[in-house]
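The values are calculated or read from the model by the stated rules, or taken from the named source; none is laboratory data. Every value quoted in this text rests on a predicted model; they were computed, and no experiment measured them. Methodologically, a virtual Cβ is constructed for each residue, glycine included, from the backbone with ideal geometry; neighbour enumeration extends over all protein chains shown.
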């Protein structure tokens, strides 16, 4: 899923208020981390992760490798943190994130 700059900005704003729930250490990206990320994305749609200093990967590398494994999109990486987004497919989810639409694309 490709995000527009307005959608990315919207998600960055929403990410400011959420807690970091994924921690990546020296083990890197394993099965448990991918499962944890998938579960969190399904429940929340937007998650924030942190890469510890003893990890062998940068936050950018972690986000870029974790995104395809979880079918999510990298919203941003800043410092030791990264943010991932994946829209929920559950119809019963009450607090779904509604992304702003790009008006330029609609006018064409």
Check your understanding: When you look at residue 62, is it at pLDDT 95 or above and more than 23 Å from residue 100 (Cα to Cα), yes or no?
Key -> yes
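Could you list, in sequence order, the residues of region 76-86 that are within 14 Å of residue 40 (Cβ to Cβ) and in contact (Cβ under 8 Å) with a residue 40 or more places away in the chain?
First pass over region 76-86, keeping only residues within 14 Å of residue 40 (Cβ to Cβ): 82-86.
Residues satisfying the conditions are 83, 84, 85, 86.
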Check your understanding: Counting only residues that are exposed (fewer than 14 other Cβ atoms within 10 Å of the Cβ) and within 13 Å of residue 84 (Cβ to Cβ), how many does region 21-42 have?
Key -> 1
Practice item. Tell me, yes or no, whether region 5-18 has at least one residue that is in a loop (DSSP other than H, G, I, E, B), surrounded by fewer than 16 Cβ atoms within 10 Å (Cβ to Cβ), without any contact (Cβ under 8 Å) to a residue 40 or more places away in the chain and touching a strand residue (DSSP E or B) at 6+ places or on another chain (Cβ under 8 Å). Key: yes
Review point. Here are some conditions: (1) touching a helix residue (DSSP H, G or I) at 6+ places or on another chain (Cβ under 7 Å); (2) closer than 23 Å to residue 101 by Cα. Residue 10 meets all but one. Which one does it not meet?
Key: (1)
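Does residue 46 meet the test of being modelled with pLDDT of 95 or more and over 14 Å from residue 97 (Cβ atoms)? Spell out how you get there, then give the answer.
Details: modelled with pLDDT of 95 or more: yes; over 14 Å from residue 97 (Cβ atoms): no.
When the stated conditions are applied, residue 46 does not pass them.
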Practice item. Tell me which residues, restricted to region 44-93, are surrounded by 19 or more Cβ atoms within 10 Å (Cβ to Cβ) and part of a loop (DSSP other than H, G, I, E, B). Key: 45, 55, 72, 86
